[in-house]
Amino acid sequence: MAILIQGGRVIDPGRVNGPADVLIENGKIVAVGHNLAMPSRGQGASLHTIDATGQLVLPGFVDLHVHLREPGFEYKETIQTGTASAVAGGFTSVCCMPNTNPVNDNQAITEFILDQARAAGNAHVFPVGAVTKGSEGKELAEIGDLRRAGCVAISDDGRPVMNSLVMRRAMEYALAFDLPVIDHCEDLHLSEGGCMNEGLVSTQLGLQGIPAAAEDVMVARNLALAELTGARLHLAHVSTAGSVRMVREAKARGIRVTAEACPHHFSLTEEAVRDFNTLAKMNPPLRTWQDIQAIKEGLRDGTIDVIATDHAPHAPQDKQREFAEAPFGIVGLETALPLTLALVEEGVLSLEAAVAKLTTAPAQAFSLPKGTLAPGADADVVVVDAQRQWEVDPSRFRSKSTNTPFAGWKVKGLATTTIVAGKVVYEFA
Amino acid sequence: MSLKRKDLTGIASLSPDEIMLILETADSFKEVTGREIKKVPALRGKTVVNFFFEPSTRTRTSFELAAKRLSADVINFSPSSSSIVKGESLLDTARNIEAMQADIIVLRHPSAGAAETLARGVKSSVINAGDGWHEHPTQALLDLFTLREKKLEFKGLRVAIVGDLAHSRVARSNIYALTKLGAEVRAVGPPTMIPACLEQLGVRVYYDMDEALHGVDVIMMLRLQLERQGRALFPTIREYSRLYGLTADRLRLAEPGALVMHPGPVNRGVEIAPEVADSFSSVILDQVANGVAVRMGVLYLLSGAN
């Protein structure tokens, strides 16, 4: 099986940025260059040419933060539907969070996830294991086993480790396997009962706020612990100006920290909640214009390495509730690309830098052999029509869930073909 | 003139003209409540459902009386014990009530935004009778009605709202209403009970009650939720009462003849001294009486009966 992608502009961050063809054979990138020819073959060999004229040819995107909901919440999403959503959005690798039921805190669950992912045959799935048993924040999970079974990082995600000693020990222990420790930074005492950003809008609506300090306090703690232990710290979904400031300072001092931002946190403010719209309810919450500016500046100067979606599917009956009762989270895999390209349009990022936030940078953060078109690499490729305008229509999502605040948005930039391990898994029709 | 809206979910979205229309409509119903036969046929054949997810005696009774005096059929429905436990959603429950041809649903609910969510989902008119800490529009309207009845001009009126503003729907609705009509609102309480960015709603914030009361025409005391002690909002009821309780001495700091209001039920001796609650300054019972007239006005205007 060979695929030749012709006539596009290839961006492989740090390596190639210009017109080139990409030749794929046997699931690997064979060559990236000018005027490549399809290898000659005997009768019956499978040869496929993709015309990418006027389009971008990029490494398949890597999402460090998705919720595939399986096992346990298959009515919201399955590994099959979640990875179908991923490839429709141009993502060829996704890291799935452990807050399933049961929690991914042991080898058996990790293996189950990997089996389901193989059976689905869409994107590569890299499980993230729990930090503590049951994500209860008390005893360490069998992190060595999780690593051996295929976990690429550990996190207690939405149930952040509040006990600083437990977090310290987790960071130290993970060092033995060079595993990144992810933290969803939220002081659960400061955020208790909160359901949106604390500020003018929460006061007007009479909703309990989550102050920016609930995140900042834990970012500060985690940076101090990373400095103490030397662990690899990855900060999930940075949402506040304070977090950006602290990460910038920590990086300058050489602390091993990477950070991600989600498209919704640089595209929407707390104003989106104003009519009690539960589709704008997520954690961390949508913040203020000033926070958005800080996140953009952090993306621009490299303080924030990665753009990740925090894809969090919920069924309509979950979201159609009173605001305080509705669950946090929105789907993001199928809207991340145009929202990221909007940063290019706005002049926040160069096109190559934007691509890097979705490819090389996340791959590097978790040491994944992904996110590049270097010869010999797995042939995970996405062809993107960056000029293509479209309207977000959740009923067309591949995800099982449609909980997005972006319905009806006119956006620009679309994945037209997605290739995983040398196989076309998605074509825009 | 009529109210060109299906629902009354809050004061925030009302124009000053709409507020005045409701008050003027309530005037004529106040006259009805003083008659020998306190009943008019304005809502005959209409069904009003009191849909109360939170315990409430006075608001529910007030709405019930208002609807009955307009000759509507009234059903009281308190699903707190049944449906919520069964996991039935607010909307599903409401659609069931709507299927029974309810014309107006009066909703009391512990979650902010519940009335707006319900109003979007059903064809019946929805009146918010209190949603979480968000709004309690008919309370603010009856407070305005009471002030107006006492011949007070809203423009330039100095009103202190004292207590736990962070967790008070009454405070929010009154801030919206009073500022829309040109009153000067002072918010008074410990910093733990003043919500973020409150000044941006057009009020002045005071932590010192004595300072705040100087020269005010009206003092609105909020009910202290006693169970909030232990949530680090205030150390003890004793200290709260000493700092923010309305005593006869403190009342003297206000303008002579200043009015004292309270949405009830009163914690006597906590936020308000008994002798103040029972003094000539107190209009607490006028508020209750006027509640019926104001709710008649709201029901009437939303029923499309005019």
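Taking the centroid of alpha carbons for each part, segment A:111-164 and segment B:83-156 are 45 Å apart. Summarising the label geometry, the points placed 7 Å from Cα in the beta-carbon direction at A:LEU36 and A:TRP390 lie 2.5 nm from one another. Using the Cβ-Cβ distance between B:ASP73 and A:ASP145 with R0 = 45 Å, the FRET efficiency computed as 1/(1 + (r/R0)^6) comes to roughly 0.10. If the chain linking A:SER367 and A:GLU249 were pulled fully straight, counting 0.36 nm for each residue of separation and taking away their Cα-Cα distance, it would gain 40.1 nm. Pairs exceeding 21 Å between alpha-carbon atoms, taken from A:LYS76/A:LYS296; A:LYS410/B:LYS4; A:LYS370/A:LYS423: A:LYS76/A:LYS296; A:LYS410/B:LYS4.
Between 0 and 90 degrees, the angle of helix A:212-229 with respect to the longest Cα principal axis of chain A falls at about 70 degrees. Solvent-accessible area per residue in the protein assembly as shown equals 38 Å², computed with a 1.4 angstrom probe and all protein chains kept. Sorting the segments B:241-252, B:102-113 by their mean number of nearby beta carbons within 10 angstrom, highest to lowest, gives B:102-113, B:241-252. Burial annotation for segment B:148-197: residues with an accessible-area loss of at least 20 Å² between the isolated chain and the complete set of protein chains, computed on heavy atoms with a 1.4 Å probe, are B:ARG172, B:TYR176, B:ALA196, B:CYS197. Working from label points 7 Å from Cα in the Cα-to-Cβ sense, the B:THR247 to B:GLU227 distance is 3.0 nm.
Comparing B:GLN287, B:GLN225, B:GLN200 in a Gaussian network model of chain B, where Cα atoms under 10 Å apart are tied by springs, the biggest mean-square fluctuation is seen for B:GLN200. Helix A:241-252 and the longest principal axis of the Cα set of chain A meet at an angle near 70°. Taking chain A as a Gaussian network, Cα atoms linked when under 10 Å apart, which of A:HIS237, A:HIS189, A:HIS48 shows the biggest mean-square fluctuation? Result for chain A, Cα springs under 10 Å: A:HIS189 fluctuates most. Relative to the dominant Cα principal axis of chain A, helix A:164-175 is inclined by about 20°. For segment A:356-425 and segment A:263-337, what is the centre-to-centre distance using only Cα atoms, to the nearest Å? Between the Cα centres of segment A:356-425 and segment A:263-337 lies a distance of 19 Å. Computed from the C-beta positions of A:THR53 and A:LEU165, the FRET efficiency with R₀ = 56 Å rounds to 0.45.
Heavy atoms of chains A and B lose about 1500 Å² of accessible surface on contact, summed over both sides with a 1.4 Å probe. Note on B:ARG204 and B:ARG35: the model spin-label points, each 7 Å out from Cα along the C-beta direction, lie 4.6 nm apart. Based on DSSP H segments of at least four residues, each scored -39500 (n - 2.57), chain B has a per-residue ellipticity at 222 nm of -11500 deg cm²/dmol.
Among the protein heavy atoms of the protein assembly as shown, carbon and sulfur supply 51% of the accessible surface, probe 1.4 Å, non-protein parts ignored.
The values are calculated or read from the model by the stated rules, or taken from the named source; none is laboratory data. Computed from a predicted structure; not experimentally measured. Heads up, the Cβs are rebuilt from the backbone with ideal geometry, glycines too, and the neighbour counts pull from every protein chain shown. Side chains are part of the model used for accessible areas, which takes the heavy atoms of the whole protein and leaves out ligands, DNA and RNA. Shrake-Rupley method; radii C 1.70, N 1.55, O 1.52, S 1.80 Å.
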